[in-house]
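K.L.:
The structure follows.
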Amino acid sequence: MGIFDFLSGEFIDVIHWVDDSRDTMVWRFEREGHEIKYGAKLTVREGQAAVFVHEGQLADVFTPGLYMLETNNMPIMTTLQHWDHGFRSPFKSEIYFVNTTRFNDLKWGTKNPIIARDPEFGPVRLRAFGTYSVRVSDPARFLTEIVGTDGEFTMDEISYQIRNIIVQEFSRTIARSQIPVLDMAANTRELGKLVSKEIAAQIAEYGLAMPELYIENISLPPAVEDVLDKRSSMGVIGNLNEYMQFQAAEALGRDGSGAAALQTGLGAGLGMQIGQHAAAQAGPWGPKPQTAAAPAAPAAAVPPPPPPVEHVWHIAVDGKTTGPFSKASMGRMAADGTLTRSSFVWTPGLDGWQKAEDVMELAQLFTVLPPPPPGS
């Protein structure tokens with residue numbers, strides 16, 4: 001190998017970078033002490049930028065393209081190096097390749113709950129999480145403000161700082177928005193745009209931009225969510241009294257314990273009424289003596305309650321209406337199988353034909369009988 005071949009091998013004449021890591025933001029070209037030959041080829045691919053640092057000072061930034069490193073392509077470098085016209089000596093510079101593509105699907109979330117004032121629930125604690133994307137918009141500023149002399153800078157090294165900025169601006173935006181908690185799910189897109197707009201100015205100081213920010217979910221603490229679920233359940237139930245009556249009827253029909261409990265409750269209530277009546281008669285100093293001159297006045301008779309309304313029922317059989325039948329007749333037909341749970345029935349005041357098992361008054365007739373076996 002000749003001396004000229006040896007010298008030519010000492011100089012770098014092709015400069016480029018191919019990244020397969022998917023998370024590298026900045027990579028320093030490793031020249032290993034070799035000098036860069038004047039007139040060398042620099043290849044900057046789409047989604048990249050090349051930053052030259054000469055003697056510790058940022059010199060040039062090259063956008064995508066193919067360059068011949070000559071004085072007409074490096075005006076700032078020429079000034080720093082004091083090259084004269086036709087000067088052909090090699091030079092030593094640090095070359096940093098900056099990835100300017102988007103880094104997508106980055107996660108963010110609130111580590112601690114955010115306290116906000118809800119117009120309906122009052123003070124509430126909120127948690128939120130989502131995703132965002134970021135890219136380098138100003139390679140020179142990013143290199144000087146964040147990277148420094150790091151030979152390989154990855155997204156993980158700046159993601160924590162960006163997450164803190166997102167959480168801070170999200171908290172301020174939620175506090176100012178005055179959007180009710182129940183309506184936040186319908187406004188996550190608008191909230192994301194507001195947060196992204198507030199963040200843009202801060203991360204621009206780092207040479208970064210945030211093309212997208214998504215709020216995937218805003219949630220309440222588990223205890224508050226449980227109460228909210230109960231409130232929703234009450235709205236689904238509707239009339240609470242009717243629901244309690246239906247539950248009591250179901251309990252009575254399942255086994256005899258419900259009836260025994262009801263009898264015990266009635267007996268206890270009757271005993272309490274008797275005790276209260278005796279205490280009222282006795283007064284604070286005991287019972288008053290009865291005399292012949294002043295006989296005790298008879299207690300006023302309490303009128304009996306009105307008799308319950310007896311419904312008459314009609315049954316739909318093969319497209320024809322049969323009846324009317326009394327409830328006692330319906331009970332006998334339920335016992336002998338003429339009336340089943342799926343039989344359609346109707347009585348004045350009922351909103352259309354309904355299955356017998358869906359009518360509370362008739363559902364009690366089937367609770368004493370076992371349901372039909374599976375597959376029948």
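K.L.:
What is the number of the single condition among (1) touching a residue at least 60 places away in the same chain (Cβ under 8 Å); (2) surrounded by 14 or more Cβ atoms within 10 Å (Cβ to Cβ); (3) within 29 Å of ALA59 (Cβ to Cβ) that ASP156 does not meet?
P.N.:
Just one mismatch for ASP156, condition (2).
K.L.:
Same structure, new question: Go through the range 40-50 and report how many residues are in contact with a Ser or Thr (Cβ under 9 Å, 6 or more places away or on another chain) and within 16 Å of PHE29 (Cβ to Cβ).
P.N.:
Matching residues across the range 40-50 total 4.
K.L.:
Same structure again: Report, by residue number, each residue of the range 29-57 that is modelled with pLDDT of 90 or more and either more than 47 Å from the chain's Cα centre (by Cα) or surrounded by 18 or more Cβ atoms within 10 Å (Cβ to Cβ) (or both).
P.N.:
VAL44, GLN48, ALA49, ALA50, VAL51
K.L.:
Looking at the range 58-77, which of its residues are touching a helix residue (DSSP H, G or I) at 6+ places or on another chain (Cβ under 7 Å) and modelled with pLDDT of 80 or more?
P.N.:
Passing the criteria: LEU58, ALA59, ASP60, VAL61.
K.L.:
Same structure again: Condition test on GLU198, is it in contact with a Ser or Thr (Cβ under 8 Å, 6 or more places away or on another chain), charged (D, E, K, R) and in a helix (DSSP H, G or I)?
P.N.:
yes
K.L.:
Restricting to the range 96-151, and then to whatever is free of Cβ contacts under 8 Å to residues at least 12 places away in the same chain and in a strand (DSSP E or B), can you tell me which residue is surrounded by the most Cβ atoms within 10 Å (Cβ to Cβ)?
P.N.:
Among residues in the range 96-151 that are free of Cβ contacts under 8 Å to residues at least 12 places away in the same chain and in a strand (DSSP E or B), the one surrounded by the most Cβ atoms within 10 Å (Cβ to Cβ) is ILE115.
K.L.:
Give SER159, SER177 a once-over and let me know the one that is among the polar types (S, T, N, Q) and under 30 Å from ALA140 (Cα atoms).
P.N.:
Of SER159, SER177, the one residue that is among the polar types (S, T, N, Q) and under 30 Å from ALA140 (Cα atoms) is SER159.
K.L.:
Looking only at the range 334-354, count how many residues are of a type in the set (Asp, Glu) and over 15 Å from HIS311 (Cα atoms).
P.N.:
Of the residues in that region, 1 qualify.
The values are calculated or read from the model by the stated rules, or taken from the named source; none is laboratory data. Bear in mind the structure is a predicted one, so any value in this text is a computation, not a measurement. All Cβ positions, glycine included, derive from the backbone under ideal geometry; neighbour counts span all protein chains shown.
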